[in-house]
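> I have a structure I would like to understand better, so I am pasting it below and will then ask my questions one at a time.
Please treat every number below as a calculation from the coordinates, not as lab data. None of the values given here were measured: they were computed from a predicted structure. A quick note on method: Cβ atoms are made from the backbone with ideal geometry, for glycine too, and the neighbour counts reach across all protein chains shown.
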Ligand SMILES: Nc1ncnc2c1ncn2[C@@H]1O[C@H](COP(=O)(O)OP(=O)(O)OP(=O)(O)O)[C@@H](O)[C@H]1O
Ligand SMILES: [Mg+2]
C-alpha cells in the first residue's frame, strides 16, 4: 500500500512563503480506486506528484509498498517509478520528437535496457488500439489533437503494467464518449488486475465510479460525509 504521512509542500516566491499542501496524511490500499477532488489550486496535482514519486515534499514521508520514496537515491526512485508507477500528467508531457508509438513504448524500452523488441512494439500497438488510436501510430504529438495526446499519455502510463496508475484529470480534454472509454479501460484494469488507481478529477461522474474520494481544499483534506462526492 501507499502510506503518506504529514505531507507538506511549501514554495518560496520572492518574500512570500506559499503553503500548497499542509499536513496531508493518506493511505491507499493495494487494488483501491481512489479519486482526489477539489477546487482549482487546492494542491491536487502537487499531492499526486508527491504520492507518485515525482516531487519531494518539503516535509513528511511517502512509503510505497514498503519503500520510503524520498530517502532512497534519486536513481533508485526513478527506476522504481519506471517499473511500478504509471503517471498521466495534466499536460501529457509527451516527447515531441517521438511518434505516438515511440512515446508509448519508451518506458518499456527503458525497463529493457533501452532495447526495443517486437514484443514491446506489439504491446504498444495493442495499447494504442485499446485507446482508439490504432490509426495514429506514427503521428507525432503536434500532429495529434489534445484528446488524442491525452490517450497516448494513458497508453504510455500502462505499458509496463504498473502496480499503481496516477492520473491527473485523465479525461479533461476528452468528449464524453472518449472519457467513458478511458475510464472503462482504467476501471477494468483495476477490477481485473487489481491495478491501484489514483485519479484527480473534477468530474462528478468519474468520482462516482471510484471506490473512494478524497476531498482537498486549500492544501488540506476535507472530511465529508460518507458517499458524498
Ligand atoms: N513550482 C511552483 N512554484 C510556486 N507555486 C506553485 C508551484 N507549483 C504549484 N504552485 C501553486 O500551488 C497551488 C496548487 O497547485 P496545483 O497544481 O497542485 O493545484 P491543482 O489543485 O492541481 O489545481 P488545478 O485543478 O487547477 O489543476 C497553486 O496555487 C499553484 O499556483
Ligand atoms: Mg492540477
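> Against the globular-protein guess of 2.2 N^0.38 Å, express the Cα radius of gyration of the stretch 98-229 as a ratio, rounded to two decimals.
Here the Cα radius of gyration is 1.14 times the empirical estimate.
> By count of other Cβ within 10 Å, fewest leading, how are 142, 67, 6 ordered?
142, 6, 67
> Sort 134-140, 19-25 for me by packing, meaning the mean count of neighbouring Cβ atoms within 10 Å per residue, highest on top.
Final packing ranking: 19-25, 134-140.
> Give the peptides 161-169, 9-17 in descending order of average Cβ contacts within 10 Å, highest first.
161-169, 9-17
> The stretch 167-229: Rg/Rh from Cα coordinates, Kirkwood Rh?
Taking Rg over the Kirkwood Rh, I get 0.98.
> Give me the three principal axis extents of the chain from the C-alpha atoms, as integers in angstrom, largest value leading.
Extents along the principal axes, in whole Å: 47, 39, 38.
> Going by how many other beta carbons lie within 10 Å of each one, how would you line up 71, 201, fewest first?
Lowest to highest Cβ neighbour count: 71, 201.
> Give the separation of the Cα centroids, the stretch 61-111 to the stretch 162-179, in Å.
17
> Continuing with this model, one more query. Where a ≥ b ≥ c are the square roots of the eigenvalues of the C-alpha gyration tensor, would you call the stretch 5-52 rounded, which needs a/c under 1.5, or, failing that, prolate if a/b is larger than b/c, or oblate?
Prolate, since a/c reaches 1.5 and a/b exceeds b/c.
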